[in-house]
Amino acid sequence: MAEKMDDMPIKSIKELPALAGQSVTLRGWLYGKRSGGKVVFLLVRDGTGLCQCVVSAATPAAWDVARELTQECSLQVSGRVRADMRAPGGVELEVTAVHLIGGADDYPVSRKPHGVDFLLNHRHLWLRTPRQAAILRIRHTLIQAIRRFFDEHDFTLVDTPLLVPGAAEGAGTLFPVRYFDEAEAVYLAQTGQLYLESAAMALGRVYCFGPTFRAEKSKTRRHLAEFWMVEPEIAFAELPDLVEWAEAFIIYLVQAVMAERRPELMELGRDVDRLAAIQAPFPRLTYTEAVELLRSTEVHEELQAEWAADRQRLTRLREDLVEQEAQRAQARKRWQQEKWDRSIHDLREEIRALDEDLRTRPQHIEGARHFTWGADLGGDEETILSRRFDRPLIITEYPRGVKAFYMKPHPDDPRRVLNLDVLAPEGYGEIIGGSQREDNLSALKKRIAEEGMDPAPYQWYLDLRRYGSVPHGGFGLGVERTVAWICGLRHIRETIPFPRMMGRMTP
Ligand code: 4AD
Ligand code: MG
């Protein structure tokens, strides 16, 4: 424990705005440093915020320490809190004493721009930047709100196993694990749902919330190998009830983040008006209607127009880049150069992403026009559909062939199932997948056989249909995809502290 200096109370940066005029001690890390003549400005972060600490040559002991401090060293500073409109948070600290706690030589993640691979390899340090901290806080608040929603609606939390004997969501994405000396492999859970169904028959309304594993062999911006999923399961619920639950749930989550994490959303540059628009009722389409929409002339013409506009945008971005590079060449001061470097780096990223997107655009446009009933809606189709609405889009009744064995077929048309997917707007795509479950014993046995699954591990699951079966259902919401949408992030990799994807296991 660092010593208390000058008997000043230890405070967090978050508390400072209320303490103007008082003397305090802060403990934290050096995020940045700037020198100007007879003052050194230390930008200190402590996990609750950033504070500018001003060290003057008139306090020689502090001055000598301050001049030697390096990025991300840990330190303790004492001084008087002074109101200053220009400072972040409206206050700064007039420093009287500085102590170095732990040094930091050549901190690798400088404030210069870095490529994504470099940042992911340094994820343990990358987390220290304000942007990453903002995402983690929003994730925290989202998770709290998820639990609160279910707790407020009489759901009981039931933890389901992570080591399971078989597939629930398709054998293709199972991670096998050696289990003691047994000959048969066991697997990491793709969902808690099957176990949760038995808990729903015991408790009525239940939810599970935990890590989920899928050996996704494609690298996309929407897929992780390890992600967190919350799954409610409700006895006596049918498809229309599930749609209502999903809508109320999403509205609750967005409201909670907006109410509690506005500064973090601002830090990320999120357009909050888009989130404020997330109100009932959400648009609803059946899969068949969604397919008709995808294939329509209206959508086709819109996609063509958008393609043309995006090509123009790419040209403009490239012109901007040339312009910014010229400005960079003329910049004299280091901070100016660094500012241009960051901006040029972001611009290059934007150009690269748009360029890549434009290359495959003709395929996507044709894919939508010729989409045939029966195929699964993939990422491209989800993007096209979800961008047309300013609220999440609920699509129901998919073809049976593209969905899991446990979904209940439509009573009037066995080619369709009673399921729902919820697609987040702005092109984010699926954040919720769920369904009413097959509750009839012989129908479920038949489905298991049709899928070529070994029925042995599912006998206990069939028991739920043998003893007091009732209509029931539920859904799963992916935390990371929801964080990506709410934060407005292009890629899912920043939404979890340590992402696990194909080809990434470090740190
Ligand atoms: O649609 P999915 O596969 O549904 C289920 O697992 C059901 N058993 C849920 C239920 O009915 N209880 O997955 C649900 C959600 C998706 O909508 C998505 O948000 C997320 O989980 N998800 C993934 N997130 C990140 N990476 C992946 N590889 C994901 N796969 C699914
Ligand atoms: Mg799904």
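Any read-out appearing in this document is the output of simple, stated calculations on the displayed coordinates, not a laboratory observation. The structure displayed is predicted, hence computed values, not measured ones. Methodologically, a virtual Cβ is constructed for each residue, glycine included, from the backbone with ideal geometry; neighbour enumeration extends over all protein chains shown.
Just to verify a number: FRET efficiency for Thr297 and Glu94, C-beta to C-beta distance, R0 = 60 Å, to 0.05?
Efficiency, rounded to the nearest 0.05: 0.35.
State log₁₀ I(q)/I(0) for segment 462-507 at q = 0.16, 0.18, 0.32 Å⁻¹ as given by the Debye formula over alpha-carbon point scatterers of equal weight, solvent excluded.
-0.60, -0.64, -1.11
Volume per residue, Å³, of the convex hull around the alpha-carbon atoms of the chain?
Per-residue hull volume (Cα only) is 184 Å³.
Put +1 on the Cβ of each Lys and Arg and -1 on the Cβ of each Asp and Glu in the chain; which of Gly89, Tyr207, Gln436 then has its Cα farthest toward the positive end of the dipole?
Of the listed residues, the answer is Gly89.
In square nanometres, what is the average projected area of the Cα convex hull of segment 95-143? If you can, show how the numbers build up before the last one.
On the way: hull surface 22.4 nm².
Computing the convex hull of the Cα atoms and averaging its projections yields 5.6 nm².
Mind listing the phi-derived Karplus ³J(HN,Hα) values for segment 469-482, rounded to whole Hz, using 6.51, -1.76 and 1.60 with θ = phi - 60°, and x for any glycine or proline?
5, 9, x, 7, x, x, 8, x, 10, x, 5, 5, 5, 5
Would you please give the residues with an amide H less than 5 Å from that of Val230, counting only those at least 5 places away or on a separate chain, with H modeled from the backbone geometry?
The list, which skips near neighbours in sequence, is Leu477, Val479.
Which peptide among 295-307, 422-434, 95-107, 47-59 comes first, and what is the full order, when sorted by highest mean count of other Cβ atoms within 10 Å?
Per-residue mean Cβ counts within 10 Å order the peptides as 422-434, 47-59, 95-107, 295-307.
So for each of 151-158, 118-125 I average, over its residues, the number of other beta carbons within 10 Å; can you give me the resulting order with the highest mean first? Intermediate values should be presented prior to the final figure.
Values: 151-158: 13.9, 118-125: 15.9.
Those peptides, ordered most packed to least, come out 118-125, 151-158.
Using alpha-carbon positions, what is the distance between the centroids of segment 381-431 and segment 317-354, in Å?
Here the answer is 42 Å between Cα centres.
May I ask you to evaluate 6.51 cos²θ - 1.76 cosθ + 1.60, the Karplus curve with θ = phi - 60°, for each residue of segment 419-433 and list the ³J(HN,Hα) values in order in whole Hz, giving x for glycine and proline?
Result, rounded to whole Hz: 10, 9, 10, 10, 9, 6, x, 6, x, 5, x, 4, 10, 10, x.
With each pseudo-label sitting 7 Å past Cα toward Cβ, what's the Phe498-Asn121 distance in nm, one decimal?
Result for the modelled spin labels: 1.8 nm.
Going by average Cβ density within 10 Å per residue, which order do the peptides 171-182, 245-256 take, highest to lowest? Show your work: numbers first, answer last.
Details: 171-182: 11.5, 245-256: 19.8.
Descending packing order for the listed peptides: 245-256, 171-182.
How large is the convex hull of the Cα atoms of segment 130-184 per residue, expressed in Å³ as a whole number?
Taking the convex hull of the Cα positions in segment 130-184, it is 156 Å³ per residue.
Two-decimal Rg/Rh of segment 407-460 from alpha-carbon positions, Kirkwood Rh?
On the way: Rg = 14.4 Å, Rh = 13.0 Å.
Radius of gyration over Kirkwood radius for segment 407-460 works out to 1.10.
Stretch Leu317-Arg352 to full length: gain in nm at 0.36 nm per residue minus the Cα-Cα span? Numbers along the way, then the final one.
Working: separation 35, 0.36 × 35 = 12.60 nm, distance 1.04 nm.
Full extension from Leu317 to Arg352 adds 11.6 nm.
Let me know the volume per residue of the alpha-carbon convex hull for segment 360-402, in Å³. Please report the intermediate quantities before stating the final value.
Working: hull volume 3.4 nm³, N = 43.
For segment 360-402, the hull spanned by Cα atoms encloses 78 Å³ per residue.
Which FRET efficiency value, to the nearest 0.05, do you get for Met85 and Ser110 by plugging their Cβ-Cβ distance into 1/(1 + (r/R0)^6) with R0 = 41 Å?
0.90
With label points built 7 Å along Cα→Cβ from the Cα atoms of Arg262 and Asn440, find their separation and express it in nm.
5.3
Distance in nm between label sites at Thr129 and Val470, each 7 Å beyond Cα in the beta-carbon direction?
Label-label distance for Thr129 and Val470, simple model: 5.1 nm.
Using Stokes-Einstein with the Kirkwood hydrodynamic radius over Cα pairs, what translational diffusion coefficient do you get for segment 222-289 at 20 °C and a viscosity of 1.002 mPa s, in µm²/s rounded to a whole number?
For these conditions, the coefficient is 146 µm²/s.
Which percent, to the nearest 5, of DSSP beta bridges fully inside the chain are antiparallel?
About 85 percent, rounded to the nearest 5.
On a C-alpha basis, how far is the centre of segment 466-507 from the centre of segment 128-204 in Å? Whole number, if you could?
9
Treat every Asp and Glu Cβ in the chain as -1 and every Lys and Arg Cβ as +1, leave all other atoms uncharged, and give the resulting dipole magnitude about the Cα centre to the nearest 20 debye.
The dipole of the chain has a size of about 1660 debye.
How big is Rg to Rh over segment 162-270, alpha-carbon atoms, Rh as the Kirkwood inverse-mean-distance radius?
In segment 162-270, Rg relative to Rh is 1.06.
Distances longer than 20 Å among the Cα atoms of segment 234-365: what percent of all pairs is that?
70
How large are Rg and Dmax for segment 324-483 when only the alpha carbon atoms are used, in Å?
Answer for segment 324-483, Rg first and Dmax second: 23.8, 78 Å.
With 22 Å as the cut-off, how large is the P(r) tail for segment 42-118, expressed as percent of Cα-Cα pairs?
Across segment 42-118, Cα pairs with separations above 22 Å total 31 percent.
Would you mind getting me the FRET efficiency between Thr173 and Glu244? Use the beta-carbon distance for r and R0 = 41 Å, nearest 0.05.
The formula returns an efficiency of 0.85 here.
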